[in-house]
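What follows draws every value from the coordinates through simple rules; no lab data is involved. No experiment lies behind these values; they were computed from the predicted model shown. FYI the Cβ positions are ideal-geometry reconstructions off the backbone, even for glycines, and counts take in every protein chain you see.
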Amino acid sequence: MSCLIYIINGPNLNLLGQREPEIYGKKTLQDIEQNCLKKAEENNVKIKFFQSNAEHDLIDWIHASREEAAGIIINPAAFSHTSIAILDALTLFEGPIIEVHISNIHKRETFRHHSYVSQKATAVIAGFGIDGYTVAIRRMAELCV
Ligand code: DQA
């Protein structure tokens, strides 16, 4: 049986491709979703891919993941640095959580160095560009067997 992974993306990631390409690259979120679907198939897992600019949507999807997902891959974007509510929601999830950042947040402004989500994450990937998502899927496929 293949496992289902929720891939949850936070604010402003809908504008990847246009948004600060020198930091985030020129690929769009749709490109990332396509890469993820391909990697999921190769690894015999299923994915559901989400993005919202609203904190409550991310929280609702984390709650929903408790019912059906074996793992969560999350790029909480700016909410990483601000949201205790997202950390609290993730705390209710029992499976593995991989936090992904396209950029290396530790090399950037100091306010990006701390992530609330990292406190709960099984693993953190930062600075791999958009490949961080597919690396996370490969690892999640090992964790959810
Ligand atoms: C990000 C890094 C965050 O600091 C930033 O707010 C984002 C994207 C990343 O993927 O590198 O929106 O999570």
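Would you grab the residues whose amide H sits under 5 Å from the one on Cys3? Only those 5+ places off in sequence or on another chain, please, with H modelled 1.01 Å from N.
Placed amide hydrogens put Lys46 under 5 Å from Cys3.
How high is the relative contact order of segment 101-145? Use alpha-carbon pairs under 8 Å, at least six apart in sequence, and give a whole percent.
Computed over segment 101-145, the figure is 45 percent.
How would you classify segment 98-145 from its alpha-carbon gyration tensor, with a ≥ b ≥ c the square roots of the eigenvalues: rounded for a/c under 1.5, else prolate if a/b is greater than b/c, otherwise oblate?
Since a/c reaches 1.5 but b/c is at least a/b, the shape of segment 98-145 is classed as oblate.
Within 15 Å, Cβ to Cβ, of Phe93, how many net charges do the neighbouring residues add up to if Lys/Arg are +1 and Asp/Glu are -1?
-3
Please turn the phi angles of segment 3-19 into ³J(HN,Hα) values with the Karplus equation 6.51 cos²θ - 1.76 cosθ + 1.60 (θ = phi - 60°), one per residue in order, whole Hz, x for glycine and proline.
With coefficients 6.51, -1.76 and 1.60, one gets 8, 9, 10, 8, 10, 10, 10, x, x, 6, 6, 5, 9, 4, x, 9, 7 Hz.
With the crude spin-label approximation of a point 7 Å out along Cα→Cβ, what separation in nm comes out for His56 versus His114?
Each label point is offset 7 Å from its Cα along the Cβ direction, giving 2.7 nm.
Note down the net charge around Ala126, summing +1 for each Lys or Arg and -1 for each Asp or Glu among other residues with Cβ under 15 Å from its Cβ.
Local net charge: +1.
Suppose every K and R has +1 on its Cβ and every D and E has -1 on its Cβ; what is the size of the dipole of segment 1-134 about the Cα centre, in Debye to the nearest 20?
That gives a dipole near 320 debye.
If amide H atoms are built 1.01 Å from N in the plane of the peptide, which residues on other chains or at least 5 residues away come under 5 Å of the amide H of Ile74?
Excluding prolines and chain starts, which carry no amide H, the hits are Ile8, Ile98, Glu99, Val100.
Which stretch or stretches of segment 14-57 have amide N atoms under 16 Å from the point lying 7 Å from Lys107's Cα along the Cα→Cβ direction?
Once the point is set 7 Å along Cα→Cβ of Lys107, 21-26 turn out to lie under 16 Å by backbone N, inside segment 14-57.
Along segment 73-87, what does the Karplus equation 6.51 cos²θ - 1.76 cosθ + 1.60 (θ = phi - 60°) give for ³J(HN,Hα), rounded to whole Hz, x for Gly and Pro?
10, 9, 10, x, 6, 5, 5, 3, 8, 10, 9, 6, 5, 6, 4
Please say if the chain is rounded, prolate or oblate, where rounded means a/c under 1.5 for a ≥ b ≥ c the square roots of the C-alpha gyration tensor eigenvalues, and otherwise the choice is prolate for a/b larger than b/c and oblate otherwise?
oblate
Take peptides 74-87, 10-23 and line them up by average Cβ neighbours within 10 Å, highest first, as a rough protection proxy.
Output ranking for 74-87, 10-23: 74-87, 10-23.
Which of the lysines could a cross-linker span from Lys26 if the Cα-Cα distance has to be under 27 Å and same-chain partners fewer than 8 positions apart are dropped?
In chain and number order, the partners are Lys38, Lys39, Lys46, Lys48, Lys107.
Can you sort Lys120, Lys27, Lys107 by how many other beta carbons sit within 10 Å, fewest first? Kindly include the intermediate steps, with their values, before the conclusion.
Working: Lys120 19, Lys27 16, Lys107 10.
Going from least to most buried by this count: Lys107, Lys27, Lys120.
If I model a spin label at Asp131 and Leu37 as a point 7 Å from the Cα along the Cα→Cβ vector, what separation in nanometres do I get?
Rounded to a tenth, the inter-label distance reads 2.3 nm.
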